[in-house]
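To keep things clear, I will list the structure first and then write my remarks on it.
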Amino acid sequence: MSRGLIPAVAAALLLSPLSAGPALAADGDSGKPKEPEPPARMSEIGGELLGRPGTQVRPGPGVPALPAKLTGRSWIVADAESGDVLAAHNAHWKLPPASTLKMLFADTLLPKFDKKQEHKVLRTELEGMGAGSSAVGIKEDLTYTVRDLWLGVFLRSGNDAVRVLAHKNGGIDKTVQEMQARAEELNALDTTVVSPDGYDAPHQFSSAYDLTLIARSGLQNADFREYCSTVSADFPGTWKTDKKTKKKKRETFTIQNTDRLLTGDYDLTPYQGVAGIKNGYTSKAGWTFTGVAQRGERVLLVTVMNPSSEEHNAVYKETAKLFDWGFKAAGKAEPVGTLVPPRGAEPTTGEAGGTDGARPEDPAEAGVAAQRTPGGSAGVGTVLGLMGALLVVLAAAGLLVHRRWPLPERAGRHPGETPGAPGAPGAPGGAPRSRTPWKLRKLRKPQRPGKPEEPRG
């Protein structure tokens, strides 16, 4: 065990209770409640700077200034492949996640069910949804494929689809327990799961850092990538009898993604290179969003939580600004931390960039080790790239994800080395593959989107 490991892990454990949620705020002189302030000390998983309140960025030659008027209580900009955190603001502040928590729901349950499998919905499976919940329109006694249900989760943020899938998984309580275990496996230790759909619940929290970890994990699943980047789809409705033929036919209706960086809006154009992920809104959480986008070979993840701006589509506009900054700063800005690998992931060794023997189960040390590595990266790999420079889903393009945690940095590869080549991860004689089969997947070309409705976790 490395010399600095025990103090780092102990510090992370001691700091965790101190960041249990937003700090209480007293009324100001105007009679209005003050904006809550982040805890003075937060988790240092991923690096010491990420545990500090306020904005963390390392200016340097050629590094552009951060965008002005960013109002998110918490945000993060990270390189999806290397795991480098380029900039962050209150990265580990525990806040209500709203429907962005559905990313964890999907990452936990997607591998369990064949998407072609059919399921007849029972009345009891639709009971218990919170007042005002977003829904896709699932009806009892009707049959849906698992794929239908996941499209309802991703496109419409349907809490009805979440509950049906959770019951199919053995119930709400079982699903919540599995989601919590999955969060801990991913080292998303700011996250406490109470409801599987992200609907406001006491003591349910996540953080910009954790949501980015979860999104990065989810993107390794081809179905996750397809669903989160789909703009619109036909969803099964009720059965109708044709008056002439007397035959029954099931009607369909179009559902559209509520991610406005993907679909656009009257005051917002779709962001070039975006491939979706997940948005959310509740009265307590405000607006939350995690997105992924690519320019050239660079793939970035951005999470923004609860902007205070009253501007329409503020969470998307601030996300777009951070994407723009990230693409300009990538390769120039020295990282302020790293996205740590899941527990049990293979350690990086040799030319890939080592962590001096630290185990990936020790997330605090992983962040420290990452800052010792040249370039600030531990070489943790997830996404190699989205294919195409234009809007991914409209270009019917896909996402190529590497199978090994961590991924050797490109600088450490031999010329011409590609995944699957002799000695490469997963190849004969190479590193063992992970439990999930990764492959290039092309996304279908969706229908032209209209104006999406507001989600509500």
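The values are calculated or read from the model by the stated rules, or taken from the named source; none is laboratory data. What you are looking at is a predicted structure, and each value in this text was computed from that prediction instead of being measured. Quick reminder, even Gly has a Cβ in these numbers, built from the backbone with ideal geometry, and neighbours come from all protein chains shown. Side chains are part of the model used for accessible areas, which takes the heavy atoms of the whole protein and leaves out ligands, DNA and RNA. Shrake-Rupley method; radii C 1.70, N 1.55, O 1.52, S 1.80 Å.
Structure values in brief
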read-out	value
Coil-residue trypsin sites (Lys or Arg not before Pro) of segment 193-261, DSSP, other Cβ within 10 Å capped at 14	LYS243, LYS244, LYS246, LYS247
Probe 1.4 Å - accessible area at LEU122, Å² to nearest ten	90 Å²
Shape category assigned to segment 141-284 from the gyration tensor of Cα positions, a/c cut at 1.5	oblate
Radius of gyration and maximum dimension Dmax of segment 209-278, Cα, Å	17.5, 58
Fraction of accessible area attributable to carbon and sulfur, segment 150-224 (%, probe 1.4 Å)	51 percent
Ordering of 322-335, 63-76 by burial proxy (mean other Cβ atoms within 10 Å per residue, highest first)	322-335, 63-76
